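*Asks:* Let me begin by handing over the structure; questions about it come next.
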């Protein structure tokens with residue numbers, strides 16, 4: 001499967017220049033860009049690992065692309081995403097999020113059904129990758 | 001002889017039994033300066049032939065506050081000057097002979113805190129049937145911060161909705177299941193599964209899907225949530241389907257809401273026709289239960305569409321933001337339903353902004369401070385398709401749910417392909433906009449380029465390329481973009 005989270009997961013994989021252009025859009029809006037990675041891509045995993053702090057004072061998106069590539073060197077077999085944070089009043093949350101790196105194999109998710117009384121079924125989603133301990137997932 | 005438009009200040013004359021002009025009774029005060037805490041209503045009034053517009057405005061003020069048709073001595077037991085609404089300004093409507101804009105101020109103490117029912121019982125109560133008027137329309141309201149703060153506001157709000165859905169930076173995508181009536185629960189769930197797996201974030205019950213012989217509500221909820229869960233596993237995304245919990249009683253609506261919650265739904269849906277108090281109750285329930293609350297504006301066109309009589313949708317939008325819904329349909333501009341670009345922008349601003357400055361060109365007559373009430377997500381639905389993506393993004397921005405019902409389910413290669421076409425078109429257009437492309441002029445090229453690697457999008461563009469709904473709107477702003485009107 002292909003993990004469909006983020007703004008551009010239905011488009012072909014982004015080039016480094018694509019990433020730069022999108023990050024520059026965010027920076028020009030006054031948002032702080034940041035890099036995060038994970039080996040636990042559950043749709044409700046809010047907290048991927050931070051690759052450093054959000055870049056609050058960086059005017060040039062080339063610096064973000066540099067950090068993406070540094071992160072790839074260390075975590076290239078995992079998911080990496082770029083985020084943009086907007087600190088303005090009334091928002092104070094994420095404005096953009098898109099995946100910039102994927103594992104070579106994406107095994108996807110198992111739907112676990114727990115049959116209950118009547119016709120009630122509780123559904124749980126479990127990433128196949130997270131059956132392995134952290135650090136041992138995705139090759 | 002008493003001046004017909006002057007308040008009678010001599011108490012003996014003012015309260016002698018009989019009938020008196022509303023303006024003379026104190027409902028017309030041209031020198032009045034509205035207080036920051038006043039509720040202000042702007043009405044479009046069309047007096048009967050021979051009825052003076054000032055007297056008509058005073059009558060509206062009177063009938064929507066303290067007055068009755070005759071003088072009553074019991075006024076004198078109250079601080080009646082305070083409780084009288086005050087018409088303070090009457091302007092002719094540009095290019096509409098016989099119509100006038102009447103500004104009326106109401107003291108805050110006339111209204112119960114936190115009750116749309118109480119507000120509306122005054123403002124759109126008896127007064128709309130008042131015989132001296134041919135027609136009456138509530139165009140806009142200014143709601144003071146002191147009053148706004150007595151309401152919960154949207155249960156979730158745009159920001160938290162995005163956080164819960166883990167979806168940022170692009171419009172959300174939805175589709176209403178079609179045919180809207182007649183599918184069995186199992187067949188209905190099939191549509192939900194295919195659409196969500198293909199790339200939509202939401203599917204939606206239609207307004208009149210409740211619990212009918214062909215599909216009772218529990219069947220629908222069970223099959224839909226199976227579909228939502230399977231689609232979520234297939235894509236790794238949070239998915240939702242607006243389970244319509246509209247029912248005949250509050251007790252039944254609560255039961256359906258609880259069942260939706262127990263199945264793990266992120267969203268429930270209600271119809272406008274359940275009434276303001278029921279909406280406020282469900283908004284409270286939604287806040288208490290971490291649920292997004294979708295409102296379908298079923299029925300609104302019976303009173304919002306005609307310019308001469310009724311209530312403007314911008315007023316309904318303000319009331320719904322107070323009442324606390326998260327999603328509300330607000331027009332598409334380019335689709336099959338009513339709405340010109342300028343008026344629709346006014347609605348969207350009411351939904352999504354912290355502060356609305358007066359913008360006559362968008363039909364917004366007052367500055368409105370929302371006092372940090374959550375924002376509502378507008379929903380654009382009705383006759384839109386992937387080929388319009390550049391127009392939709394330009395007109396509506398990114399905090400919006402774009403709902404392609406026919407534009408998903410009617411795809412020649414099926415529902416999943418229809419959903420994928422819409423999602424690819426959307427992502428390509430957002431990407432291009434962020435990259436600095438002129439999407440308004442280059443939109444078709446951008447879509448064609450994206451279609452080169454996405455056959456479903458190519459098929460969608462070929463199928464619907466010539467579909468537009470280019471009709472004149474009935475409800476457009478009265479003022480030109482650069483009004484020469486002083487306020």
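*Asks:* Assuming 0.36 nm per residue, please report the length gained on full extension of the stretch residue A:58 to residue A:46 beyond their Cα-Cα distance.
*Replies:* 1.9 nm
*Asks:* Here is a further query. Which of the three applies to the range B:209-335, rounded, prolate or oblate, going by the alpha-carbon gyration tensor with a ≥ b ≥ c and a/c under 1.5 meaning rounded?
*Replies:* Verdict is prolate for the range B:209-335.
*Asks:* I've got another one for you. Once you sort the root eigenvalues of the Cα gyration tensor of the range B:336-383 as a ≥ b ≥ c, which label holds: rounded (a/c under 1.5), prolate (a/b larger than b/c) or oblate (the other case)?
*Replies:* Taking the square roots of the gyration eigenvalues as a ≥ b ≥ c, the range B:336-383 is oblate.
*Asks:* What does the C-alpha gyration tensor say about the overall shape of the range A:37-105? Classify as rounded when a/c is under 1.5, otherwise prolate if a/b is larger than b/c, or oblate.
*Replies:* Because a/c hits 1.5 or more and a/b fails to exceed b/c, the range A:37-105 counts as oblate.
*Asks:* Okay, next question. I need the peptides B:113-119, B:159-165, B:196-202, B:99-105 ranked by packing, meaning the mean over residues of other C-beta atoms within 10 angstrom, with the highest value on top.
*Replies:* Highest-to-lowest ranking by the protection proxy: B:196-202, B:99-105, B:159-165, B:113-119.
*Asks:* Would you mind checking the tilt of helix B:415-434 against the longest principal axis of the Cα atoms of chain B, expressed as 0 to 90 degrees and rounded to 10?
*Replies:* It is inclined by approximately 70 degrees.
*Asks:* A further question on this structure: Give me the one-decimal nm value for the distance between modelled label points at residue A:111 and residue B:12, 7 Å along each residue's Cα-to-Cβ direction.
*Replies:* 8.6 nm
*Asks:* Can you show me the helix-derived [θ] at 222 nm for chain B, built from DSSP H runs with n ≥ 4 at -39,500 (n - 2.57) apiece and divided by the number of residues, rounded to the nearest 500.
*Replies:* Result for chain B: -11000 deg cm²/dmol, rounded to the nearest 500.
*Asks:* So, one more: What percent does the relative contact order of the range A:16-104 come to when contacts are Cα pairs within less than 8 Å and at least six residues apart?
*Replies:* 32 percent
*Asks:* Once you put a point 7 Å from the Cα of residue B:354 and another 7 Å from the Cα of residue B:78, both along the Cβ direction, what distance in nm separates them?
*Replies:* With each label point 7 Å from Cα toward Cβ, the separation is 3.9 nm.
*Asks:* Take the Cα of residue B:258, step 7 Å along the line toward its Cβ, and report every residue of the range A:108-126 whose backbone nitrogen sits under 19 Å from that point.
*Replies:* A:116-122
*Asks:* So how much slack lies between residue B:308 and residue B:361, counting 0.36 nm per residue of separation and subtracting their Cα-Cα distance, in nm?
*Replies:* 17.3 nm
*Asks:* Set the Förster distance to 45 Å, then compute FRET efficiency between residue B:131 and residue B:372 from the Cβ-Cβ distance, nearest 0.05.
*Replies:* That pair, residue B:131 with residue B:372, gives E of 0.55.
*Asks:* Further question: What average number of partner chain Cβ atoms lie no more than 10 Å from the Cβ of the residues making up A:39-46?
*Replies:* Counting Cβ atoms of other protein chains within 10 Å of each residue's Cβ and averaging gives 3.
*Asks:* Now for a different question. Among the DSSP beta bridges whose two residues both lie in chain B, what percent are antiparallel, rounded to the nearest 5?
*Replies:* Approximately 50 percent, going by the DSSP bridge assignments.
*Asks:* Defining a contact as two alpha carbons under 8 Å apart and six or more residues distant in sequence, what relative contact order in percent does chain B show?
*Replies:* 15 percent
*Asks:* Run the Debye formula on the Cα coordinates of chain B, all scatterers equal and no solvent, and tell me log10 I(q)/I(0) at q = 0.06, 0.11, 0.12 1/Å.
*Replies:* -0.31, -0.91, -1.04
*Asks:* Can you give me the three principal axis dimensions of the range B:69-209 from its C-alpha atoms, in Å, biggest first?
*Replies:* Principal-axis extents of the range B:69-209 (Cα, largest first): 68, 35, 32 Å.
*Asks:* Would you mind computing, in nm to one decimal, how far apart the modelled labels at residue A:16 and residue B:178 are, each placed 7 Å from Cα along Cα→Cβ?
*Replies:* Distance between the two pseudo-spin positions: 4.7 nm.
*Asks:* Okay, next question. What is the gain in length, in nm to one decimal, between residue A:29 and residue A:69 on full extension, counting 0.36 nm per residue of separation less the C-alpha to C-alpha distance?
*Replies:* Computed gain between residue A:29 and residue A:69 is 12.1 nm.
*Asks:* Take every residue in peptide B:10-17, count the Cβ atoms of other chains within 10 Å of its Cβ, and give the average of those counts.
*Replies:* 0
*Asks:* How large is the Rg to Rh ratio of chain A when both quantities use alpha carbon positions and Rh follows Kirkwood?
*Replies:* 1.04
*Asks:* Sort B:309, B:329 so that the residue with the fewest other Cβ atoms within 10 Å of its own Cβ comes first and the one with the most comes last.
*Replies:* Ascending Cβ contact count within 10 Å gives the list B:309, B:329.
*Asks:* While we're on this one: Enter the mean projected area of the convex hull around the alpha-carbon atoms of the protein assembly as shown, in nm², rounded to one decimal.
*Replies:* With the hull built on Cα positions only, its mean projection is 31.0 nm².
*Asks:* With both bridge residues required to lie in the protein assembly as shown, what share of the DSSP beta bridges run antiparallel, to the nearest 5%?
*Replies:* Restricted to the protein assembly as shown, the bridges split so that about 65 percent are antiparallel.
*Asks:* Dividing the alpha-carbon Rg of the range B:345-465 by 2.2 N^0.38 Å yields what?
*Replies:* Normalised by 2.2 N^0.38 Å, the Cα Rg of the range B:345-465 equals 1.21.
Rule-based calculations on the coordinates, nothing more; no lab input. The structure presented is a predicted model; accordingly, all values stated were derived computationally and were not measured. Reconstructed Cβ throughout: ideal geometry from the backbone, glycine too, with neighbour counts over all protein chains shown.
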